[in-house]
Amino acid sequence: MKILSIESSCDETCAAVVEDGRKILSNVVASQIETHALYGGVVPEIASRAHSEAIYGVCEKALSDASLTMDDIDAVAVTNCPGLIGALLVGVNFAKSLAYAYNKPLIPVHHIKAHISAIYTVYNGEDGTKKLEPPFAALVASGGHTSLIGVDSYTDFRILGVTRDDAAGECFDKVARLLGFPYPGGAKMDAATYDGNNKAYKFSDAHVKDCPLDFSFSGLKTSAVNALHTAEQKGEEINREDFASSFTEAVVHAITSRIKILFESEGFTSKKLVIAGGVAANSHLRTALTSLCEKYGVELYLPPKKLCGDNGVMTGAQAYYEYMAVPEDKRTEAFSNLALNAYATKDCDKK
Ligand code: KG4
Ligand code: ZN
């Protein structure tokens, strides 16, 4: 089954063709980073307009890169939540038009579930790779989310731990911006850490009472912001690389300490961990989780960096399993909703 999948939840216009949820036939990402960098962050209105301009060309390229036309496509999939509402609406409306014009099923996809599912195209059992199947645990860390999720089946997801305030990526971006790294700062700050001392500055990790798997990053972010402002007021110089390195160490520690608790819990029987989302590209997080998993005898499934950030492949992978989860005789009705809407919040199951 070949699915043309569209993702426009934030600042990248993406389309891909994915076969049977596992095989990437094309993957096109039009980034708006340069436009938003001027403002130091994503401007939602500008993002929506840029999606409108790019979406036709991106979808056309996804088809031509796969040497396919719409006649070869079995279904259209689209991220419809969560994300920037204006940005999501561009993808949703374009997908609805395609589905209507070509009489194809329309599959709505949840962005966080999709981030996790990108991994199925990597560990797909081909070319000597393992074939990853649920159950497993997943860490999703991106600009808007930080969660530990129990993936019980391809379509059953359970929140094990979640951030009570800011997301890890948001903290990286904020601190990177104050340190003078251009937007989006996460990746640039990651590179700079190699010239710094990760013990030069101290940051404290906040824990949520009685919820050992929950995260809280706002205290960490505020203490970094305050340290930078205080230094500025006193005219003291901050070593940018040392600060970036120490802050990264604190975020990585906050994440790995929760995962360690998960590994030690009785319920963690799958012994498999997937990491996903933009922050999964962080080199220190990848190294730290590799050694933690080795220590606990857990299989770690790392996506390549290009599948960590937003892309259409992840949407197409999850869409396939959403489609397959519905009995064959119910699919026409389930996947023909041309009144499909977009939702900014993650609770998109509630209409
Ligand atoms: O998943 P994603 O592309 O978009 C969202 O759904 O939010 O994640 C983007 C986030 C940004 O906050 C970005 O700074 C962060 O991922 N990021 C990184 C790295 N690469 C991207 N954070 C830390 N280290 C990196 N290497
Ligand atoms: Zn994302």
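Values as computed for the structure displayed
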read-out	value
Test: residue in segment 152-162 that is assigned by TED's automatic domain parsing to the domain that holds VAL251, within 14 Å of ligand 1 (Cβ to nearest atom) and not in a strand (DSSP E or B)	no
Residue that is outside any helix (DSSP H, G or I) and either assigned by TED's automatic domain parsing to the domain that holds GLY186 or free of Cβ contacts under 8 Å to residues at least 60 places away in the same chain (or both), where the choices are VAL225, VAL208, VAL279, VAL252	VAL208
Qualifying residue in segment 219-231 (condition: of a type outside the set (Asp, Glu), crowded, with 19+ Cβ neighbours inside 10 Å and either within 16 Å of ligand 2 (Cβ to nearest atom) or within 23 Å of the chain's Cα centre (by Cα) (or both))	yes
Residue among SER64, SER26, SER5, SER52 that alone is within 16 Å of ligand 1 (Cβ to nearest atom) and small (Gly, Ala, Ser)	SER5
Residue in segment 227-245 that is under 21 Å from HIS145 (Cα atoms) and aromatic (Phe, Trp, Tyr) present	no
Criterion violated by ASN124 - all others in (1) of a type outside the set (Ser, Thr, Tyr); (2) out of contact with any helix residue (DSSP H, G or I) (no Cβ under 9 Å at 6 or more places or on another chain); (3) within 16 Å of ligand 1 (Cβ to nearest atom) satisfied	(3)
Conditions (1) among the hydroxyl-bearing types (Ser, Thr, Tyr); (2) under 19 Å from SER142 (Cβ atoms); (3) in a helix (DSSP H, G or I): number failed by TYR194	(2)
Condition broken by GLU322, with the remaining ones in (1) part of a helix (DSSP H, G or I); (2) under 22 Å from LYS199 (Cβ atoms) satisfied	(2)
Qualifying residue in segment 45-54 (condition: polar (S, T, N, Q) and either at positive phi or at pLDDT 95 or above (or both))	yes
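The values are calculated or read from the model by the stated rules, or taken from the named source; none is laboratory data. Model, not experiment: these values are computed from the prediction. Positions of Cβ are backbone-derived with ideal geometry, glycine not excepted, and every protein chain shown enters the neighbour counts.
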